[in-house]
């Protein structure tokens, strides 16, 4: 099958979950023998594009419509979109250049199917396509925003957030209904999509990793906690602020010489100073290979209070047989058994108890990590992703002759 895959950013470097998922899907499609053209927006952060050539027939880079704004420029841009029915993200990623490139690509009959990378790009597809359109949903943005607002006390932010949340919910509902098929990360996300857009064709294509490339290693020490995640993503920053302020002191009162390492795109120096004025936290910055960090860690922590989709950071730690302590939100959508393959703990005291119990019990750490590796190998390996992709694409193509939804404006 000839596939046009449009993405918000090139999946190289694999700096966060969205890029990791897109790269894994490319690998699965390539392994199934499909020919892929990657049509992607580039904000200047892409590196090592050559590594994608082995997965694609062609790569086309288009300049991202708007560069990232910060400070007052971002506030002014958000204020300007208040009068629009569209959410702020949709306004940012509207691209006549991308629309023209998509139209040119599909009109010449070279493709059998198109894949759209989440909701903000779907507006750039022509209202009617000569090929089926699959929407790749990593998460649900209105859910993430509503969870963020639950912890936000600023009245102005609350007011703006409620308006944006309504827009996002409507926009995600429209996007799911506009596509011929929607692929989501988990059964819980599939149920949410069905409620959001009744009648949409929904399939579960799980996040996955190449388990064979992650080898379990002996413990490097017994006192290192590891959090993997880009500090450019607010849910990760919130998780670390919560953990350092409320959970870590409880751990340190009962266990000595514990270190916290955070790996991923580094936050601002101001954030680092506010988070860790005493210098107890190690920031590695983004690393091209996370496996050595996981290998030298004792426990992987996922104290997320905000999130949607499924966490690849849990799969990577599990693939290396490292025990994971997570909140319920952090592990949402993953079929890991609490107490056997993962420890789930909500609330600062419960989370600290779970971490300390593992720090003090090496046999239990090893048992939990080994069970987690078996789970990720069975349910979240590349073979599972390939099988899910194959089922979805066959289903879409079988229905395409009678399925031509109009992609009218949201």
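Throughout, read-outs are computed from the coordinates displayed, never taken from laboratory work. As the structure is a prediction and not an experimental result, all values here were calculated from the model. Counting neighbours? That spans all protein chains shown, and the Cβs are built from the backbone with ideal geometry, glycine included.
A few comments on the model shown:
- Cβ-Cβ FRET estimate between residue 338 and residue 222, R0 fixed at 22 Å, reported to 0.05: 0.45
- Helix axis angle, 17-31 relative to the chain longest principal axis, alpha carbon, degrees: 60
- Classified by the C-alpha gyration tensor, region 211-379 has a rounded form. Its axis ratio a/c, with a ≥ b ≥ c, is below 1.5.
- Computed from Cα atoms, the angle from the helix 362-379 axis to the main principal axis of the chain rounds to 10 degrees.
- Sorted peptide list for 265-275, 312-322, criterion being average Cβ within 10 angstrom, highest first: 312-322, 265-275
- With Cα atoms, 0 to 90° folded angle of helix 382-399 axis to the chain main axis: 20
- The fewest-to-most ranking of 278, 186 by surrounding Cβ atoms within 10 Å reads 278, 186.
- Note on the chain: helix-only mean residue ellipticity at 222 nm, from DSSP H runs of 4+ residues weighted -39500 (n - 2.57) and normalised by residue number, equals -12500 deg cm²/dmol.
- Projected label distance in nm at residue 162 and residue 246, using a 7 Å step from Cα toward the beta-carbon: 2.3
- Stokes-Einstein translational diffusion, region 119-247 - Kirkwood Rh over all Cα pairs, 1.002 mPa s, 20 °C, in µm²/s: 121
- Additional length obtainable on full extension of the chain from residue 374 to residue 61, 0.36 nm per residue less Cα span: 108.8 nm
- As a rough guide to protection, the peptides 389-397, 298-306 ranked by mean Cβ packing within 10 Å, highest first, stand as 298-306, 389-397.
- Approximate spin-label separation residue 43-residue 152, in nm, with each point projected 7 Å along Cα-to-Cβ: 1.8
- If R0 equals 25 Å, the separation of the Cβ atoms of residue 391 and residue 35 corresponds to a calculated FRET efficiency of about 0.80.
- Whole-number D in µm² s⁻¹ for region 280-410, Kirkwood Cα-pair radius fed into Stokes-Einstein, 10 °C, 1.306 mPa s: 94
- For the chain, the normalised intensity computed at q = 0.12 Å⁻¹ comes to -1.00 (log10 of I(q)/I(0), Debye sum over alpha carbons, equal scatterers, no solvent).
- Peptides 143-153, 129-139 ordered by packing proxy, namely the average of other Cβ atoms within 10 Å per residue, highest first: 129-139, 143-153.
- Gyration tensor (alpha-carbon) shape descriptor, region 326-366, a/c threshold 1.5: oblate
- For region 207-225, the residues whose backbone nitrogen is under 14 Å from a point 7 Å from the Cα of residue 255, taken along Cα to Cβ, are 220-225.
- Using distinct alpha-carbon pairs, which all enter the 1/r mean, Kirkwood radius of region 113-195 in Å: 13.8
- Residue 361-residue 79 FRET efficiency (beta carbon distance; Förster radius 60 Å; 0.05 resolution): 0.70
- Between residue 212 and residue 282, the modelled label-to-label distance comes to 3.2 nm, taking each label 7 Å out from Cα in the direction of the beta carbon.
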